[in-house]
Structure formats: structure tokens, C-alpha cells
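The values are calculated or read from the model by the stated rules, or taken from the named source; none is laboratory data. What you see is a predicted model, and the numbers here were worked out from it, not measured in a lab. Neighbour counts run over all protein chains shown; Cβ positions are idealised from the backbone, glycine included.
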Amino acid sequence: RAIRYAVSNIKDTCHSQMESCASSRQCGSIFWLDVQRVENLDQMSIQFLLLENATPLFCYQASFCLSFIIKNKQTTNYYCFLSSQEKEAIEAVSVGAILSDYQRVRVENVCLRLGLQPLAYLWRRDQESLLSEMISSDLQAILIKVAAFGLDPEKHLGKSLADMQPYLKQLSHKYGVHICGEGGEYETFTLNCPLFKKKIVMCLDVFWLFAQRRSRDGDSLRRCFCSSWLPALHQNARRGQTQRESNFCSLKLIHIQSQYHKPPSCSRRCSRGYQWISGINGLWNELQNKAWKMKDIVLVHLYVRNMEDFVSLNAVYRKYFNINPPARVCVQAPLPAGQLLQMDCLLHDWTEPLEEGCFRHKEALHVQSLSHWAPANIGPYSQAFKVDELVFCAGQIPLVPCTMSLVKAATSVEAQLSFSHVKKVLEAVIPNLTLAHVVQAHCYITRHRDVATLQWESEIKLAPLLIVVIPALPKDAAVELHVTAVNDDPARRTSRHVATKTACGSIRCHTVLSADGSSASLSLSMVACGGDLGIADVKSITEELGTAFMKATKAMEAELVPQCARVFYKCRLEESLRSILGESSPSVALVPVLDLPDSQILHLSCWLSL
């Protein structure tokens, strides 16, 4: 049935609606939300000179309603207006924001309260290509206001976007002007587009606007933007495929059927204000015991016994995290009998007073709108959480952003799409942040294939990438990628590789220290010689791993505090591993997995901070 939209205003909205139609969404009704009429005509969108007469511009059946929004109370009045339109059966709200968090967030907050789907198909699109796309898609708009260096009212008012495009490119390259006017450099007025039933004609000599019937040309609507880059992704994946298969460990699991009643494992709080707590059964009580608050959580790892509980789990989880929730990783793991879920979280709060002239920055990237940028949240979590120069990303699965459906392709394509989503999230949090800035990465897969190494090695060779096989991922995805990144100079990082022979096999150690020495990752993998493991072997392995862990942290020559030692394992090692690591140990998160590549029997991944 027809999906009805409420749109924020007409600037960038025509193209946003064209994107909605290209994404197979049928537009049933359109509402314009704008400011109430004021004395200064410059503060009122000129479009309403036509809308007040209910001129039927669009090809679709439309109801034109003006909302009355009081200054500084926009969100409240958005809510009042949309909630009063129940008879119109509004299902989605489209916003034309390209970079404006303020515009996008206030619409998303209203949608969350009303159970509506926010749409932001222009969000974080490349502005130069977006402007070219608008012009080539027969969207005819003129400049009606200019407010930027290099734009002259006498010369440029009334000119079309097509005429202004070369000059706007020059201004963008020389002075950083937003080519789509996202920074308020100019305002536009749309005269015609493929959605219009009538085009608008200007008679400037008498300052008159009127509508002239135009022929309906449904073929002029462009295809969905996502469909333009998906074929290239398939082609790249085919080029990158090789015949190499990883040798997955064939060791049998040592099953211990016991109820899970282990006390929480907590790291030492570092000078930068981080602390990690693992093995949490009652999150609220545990935080209170350690003088933490829910708002201090920046990252949550959630392992569930059955992914079918994902929806009901989110319903409960949402009650505790609302505005700017922490980033989250959620996968299914073969947890012990009687254990339905396992949780650990990273918390942060500054421990020292702020020095004069210094600034602290802590914010969440929480995009809930459907777009062509990256997937919206499929749960109550943020895409990323930034603390100063550190970025903690949520796990990314290969969803097509505009439909939120799983891409129908080979696992190699799913891996490339997941990496692409992570790239976009990093760049959105900090401009120019790339995969080269990643200091720690975990790749969860559901099939016994090394699907991510080639992609990772072509991008970066420093950060360790841990690949594990687990039973299931959200949305039945085959790949989920989770990374932590540092905004430093990757070329100045210190990387160290060490391989040590042991009685049971060998231990491979890989450490990466950030350029400023404030953050590091440590990767330890135990490779077995073969055969089944006995209880004596398990004790020997944990002792050797603990020794290697201590040597690796000392070799960094930095006063870093290990925060979380995440051990992915095929046999139960918790009791012996915790005792071996000692009093200065990090928080230990034991994660059972189905398999590990390259004959590994366990893999320890640790993040360290000053």
C-alpha cells in the first residue's frame, strides 16, 4: 500500500523524494513542515506562496498542510503535528539533510516517539556527485538566496543549478564552499522535477509564479543509488577470490556441562578513565558497586545462546539505553549449558580535571534513518562512540542501507560490504579516518572460509585481524566486522611480530602501539600440533599463554593498562587463564566459538590504554 511521507521542507526534498520512489517506496501523501509566517519574508520559504493555494504540483495524490512551529520549539511542534495526522496513516518521515546532524536528529527523535521510519537518502552523500545527479535527473532549481564568499546576489540569483555547477565546483575547491549549499551558502527553489505534475514558471517582470501542466514522465526517475555500486562490489569480489582455504582447527571441544555462576571480571581503571567489566549478570548492580553510571558505557559486547532471542532482547535492552546509546557487538556463541547470554562493557569517564585551554570530546554517532550511506541501527545502539581520538565502532553486517535487507550475494561480497560500511562510519565520526587507523579488529563469520583476509591485507598491514567462526549473526548474515580505531599517524605506529615454539605447538604474538603511545592492541594465537587436548594440556597451554602475555605487554615499553583480554576458544580455559594472568590482569571475556583458522585452538585479543 501507499507509504505516506512528511517532509521537512522543499530544499533538497524533491531529490530525496525521488530517491524514495527509486527505492520502491510509493508516495501517498506529502506534508510540508515549515516555520509560521513571519514579518520578514526572507525567513519564510518562498515555496509556500504556491502551497497556500494548494497547487497540486506533484504527480501523486497530495495533502498540503502547513504546521505552525514556534521558534526554539521545533521538535515539540513536529511531534504535535505528526501525532495529529493519524488519519493520514503516516508511516515514514523524509528529511533532506546531507550533513546536518541537527536536522536529522530532531526528526529521528520525533519518529522514535511516534513509531515512524525516518528516511535520509541524501545523508553523507558526496556533494559534488550529488549535485551532478540532481541536475542529470531533470531536477530544475534556481538560486533564490546567497550567503557565501564568491556568491554575488547581482550575478547569481535566479541562475539554475546547471548554470552554477562549474562555478560552485571552483568555489568548493578554492575555499571549501559546500557545493550543495549544505553550509547555508545558498538556498534554492525547485521549478520542475520528474515528480511534479505541473512545472513552475516565473514571470520576473511582475514577480508572479504560476504552475504550468507538464507531461508526466515516470521513466525520468533514476534507479536507487545503492543499485549503482552493488554490481561493482560483486565484480571486485570476483577479482579478489582465490583458491586458498584456511586450515581450521579439528580439535574436539572439551565440554563441561555446568551452570554459569562466575563472578564478574574487572580491569584496573587507567589514567585515561577507561575500565572494562566482563561476565556481567546484573549490569545495573555491578555499575553501582563500582560507582559507574549507564551513560558512562561506550561499548557493549553481547553474546547470545540463540539469535532468535534478538528481537525480545532488544526490547528489554532499549529500556536502559535511549539517547546516544553505546556502540554494540551482538553475535551468537555456543555458550555453556544454562547460560542464555554473556555481556561485557567498556566504560569511560575522565579521572583528572581538565587543563586550561584543553577540550574533551565524547559523542555518539547514532543514525536511525534509512539512507544510502550505511545501515541504520537494527537495535538500540550507536554506529560508533568517540572519546577524544579513539573511535569504538559497532559491529557491521552486510545490509543494503536503503532497504536494510541482507545483500543477496556470496560471502566475499558480504565481507566487502561490511568493510565498506565500517569505512563510512569511521569517516563520519572523524573526517579522513580510514581502515589504516584501525588498531584492533574482530571479524565474525558463520562459514569455514577465510573471507576477510584478502580485503584486509589490501587495505592495511599493521592492525591484527582476528577471524572466528560462530553459529549465527543478526539478520542471518555471514560476516560481521567490529573495529576500534585511533586518530593518529599510522606510519608512525610500532608493530611487532613474534613466534614462539611451545610443547603443544606455537604461540604467535602481534602487537600494535599507536603513534602517541596512548593505545595498543595485543593479539596472541595458540597453534596446536594436532590431536585432542586433555586437562593437563589445557593447564600447560594457559601457563604458556600467560607468560607470552606478560612478555608482550612489557615489550611495548609503555605504561599501558590491559583493559579486556577477549579469549576466543574451543575448550574451557577460564579458571586456569584467570589465575595465570595474576592480579594485574585485564578483564577476561571468555568467548566459546565453533572454530578458528590456521589450526588455532584459542586466540586472545586485548586492547590496552594509558
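Can you tell which of ALA472, ALA436 is modelled with pLDDT of 85 or more, more than 16 Å from the chain's Cα centre (by Cα) and not in a loop (DSSP other than H, G, I, E, B)? Before you say what the answer is, go through the steps one by one.
Numbers: ALA472 fails: not in a loop (DSSP other than H, G, I, E, B).
Of the residues listed, the single one that is modelled with pLDDT of 85 or more, more than 16 Å from the chain's Cα centre (by Cα) and not in a loop (DSSP other than H, G, I, E, B) is ALA436.
Selection over segment 357-383 of residues that are in a strand (DSSP E or B) and either farther than 17 Å from LEU99 by Cα or more than 11 Å from the chain's Cα centre (by Cα) (or both) gives a count of 4.
If you check VAL486 against the conditions, is it modelled with pLDDT of 85 or more, assigned by TED's automatic domain parsing to the domain that holds GLU559 and of a type in the set (A, V, I, L, M, F, W, C)?
On the way: modelled with pLDDT of 85 or more: yes; assigned by TED's automatic domain parsing to the domain that holds GLU559: yes; of a type in the set (A, V, I, L, M, F, W, C): yes.
In short, yes.
Taking segment 556-587 as the range and being at pLDDT 85 or above and either part of a strand (DSSP E or B) or among the charged types (D, E, K, R) (or both) as the test, the residues that pass are VAL561, PRO562, GLN563, CYS564, ALA565, ARG566, VAL567, PHE568, TYR569, SER587. Within segment 131-149, restricting attention to residues that are out of contact with any strand residue (DSSP E or B) (no Cβ under 9 Å at 6 or more places or on another chain) and surrounded by 15 or more Cβ atoms within 10 Å (Cβ to Cβ), which residue is nearest to LEU191 (Cα to Cα)? Checked segment 131-149; the qualifying residue nearest to LEU191 (Cα to Cα) is SER137.
I'd like to check something: does segment 299-322 contain any residue that is in contact with a Ser or Thr (Cβ under 6 Å, 6 or more places away or on another chain) and crowded, with 22+ Cβ neighbours inside 10 Å? So far as segment 299-322 goes, no, none of its residues is in contact with a Ser or Thr (Cβ under 6 Å, 6 or more places away or on another chain) and crowded, with 22+ Cβ neighbours inside 10 Å. Residue pairs whose Cβ atoms lie under 8 Å apart, separated by 6 or more positions or on different chains, with the first residue in segment 390-417 and touching a residue at least 60 places away in the same chain (Cβ under 8 Å) and assigned by TED's automatic domain parsing to the domain that holds SER514 and the second among the acidic types (Asp, Glu) and surrounded by fewer than 22 Cβ atoms within 10 Å (Cβ to Cβ), are LEU406/ASP476.
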